[in-house]
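K.L.:
Structure below; questions to follow.
A short reminder: the numbers here are calculations on the coordinates, not readings from a lab. Here the structure is a predicted model, which means the values were calculated and not measured. Every residue, glycine as well, gets a Cβ built from its backbone with ideal geometry; the counts of neighbours run over all protein chains shown.
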Amino acid sequence: MSRLSVFNSPLLLGFDHFERALDRVSKSQAEGYPPYNIEQVGDNGLRITLAVAGFSMDDLSVSLEDNQLVIRGRQVEDDPGRIFLHRGIAARQFQRSFVLAEGIEVKAATLDNGLLHVDLMRPRPEPRVKSIPIQGASFGAGQTASPRTIEVGAEDCVRPRSKTGQ
């Protein structure tokens with residue numbers, strides 16, 4: 001069975017890295033441990049919070065691997081002589097990965113009351129406007145039209161409005 005890609009359009013050039021990122025996300029484990037939240041903090045900030053009760057700072061690692069934020073946890077058994085009558089607190093190792101967009105920076109990771117907070121910053125996008133010179137076609141024996149440049153300013157770029165008019 002062949003896979004249909006949304007990025008096969010000839011109008012979408014250079015988006016193959018998005019397709020690879022989507023493949024990585026779909027292949028990641030659907031396991032729900034440890035539970036996590038993702039929240040918006042300010043205009044350009046994000047915070048990922050993982051519930052890691054029972055894990056110390058030495059049991060956790062946070063790393064960037066390519067454009068993936070990888071959080072790993074592995075507890076070391078303190079006393080092998082302990083006998084549990086009931087063990088309801090999960091102490092298994094885990095790995096949780098998040099695919100980050102280009103330019104997202106990890107600012108800090110803090111452990112507070114059993115919650116691991118990873119703060120991310122999304123840089124404010126600066127408008128990019130670039131003039132492209134237009135070369136004229138040749139008119140005959142060695143004659144060419146002089147190059148012409150069309151200036152495009154930020155005010156010429158119109159953002160489409162949503163259906164609600166916002």
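K.L.:
Fully extended, how many nm does the chain gain between Asp119 and Asn37 (0.36 nm per residue separation, minus their Cα-Cα distance)? Mind dumping the intermediate values first?
P.N.:
Details: separation 82, 0.36 × 82 = 29.52 nm, distance 1.19 nm.
Length gained between Asp119 and Asn37: 28.3 nm.
K.L.:
Here is a further query. Could you give each residue of segment 54-70 its phi-based ³J(HN,Hα) in whole Hz, using Karplus coefficients 6.51, -1.76, 1.60 with θ = phi - 60°, and x for Gly or Pro?
P.N.:
3J(HN,Hα) across segment 54-70, in whole Hz: x, 8, 9, 4, 6, 8, 10, 9, 10, 9, 9, 10, 6, 9, 10, 8, 10.
K.L.:
Set Lys and Arg Cβ to +1 and Asp and Glu Cβ to -1, take the dipole of segment 32-121 about its Cα centre, and tell me which of Ala108, Tyr36, Pro80 lies farthest positive.
P.N.:
Result: Pro80, furthest along the dipole toward the positive end.
K.L.:
What residues qualify as long-range amide H neighbours of Leu115, i.e. H under 5 Å apart, gap of 5 or more or another chain, H built at 1.01 Å from N?
P.N.:
Val52
K.L.:
Got a sec to turn the phi values of segment 108-114 into Karplus ³J(HN,Hα) couplings, 6.51 cos²θ - 1.76 cosθ + 1.60 with θ = phi - 60°, whole Hz, x for Gly and Pro?
P.N.:
Ordered by residue, 3J(HN,Hα) equals 6, 9, 10, 10, 9, 6, x Hz.
K.L.:
Using the Karplus curve 6.51 cos²θ - 1.76 cosθ + 1.60 with θ = phi - 60°, what ³J(HN,Hα) values do you get for each residue of segment 93-104, in whole Hz, with x for Gly and Pro?
P.N.:
Rounded to whole hertz, the list is 6, 8, 9, 10, 10, 10, 7, 9, 6, 4, x, 6.
K.L.:
Given H placed 1.01 Å from N in the peptide plane, which residues other than close sequence neighbours of Gly45 have an amide H under 5 Å from its amide H?
P.N.:
Arg122
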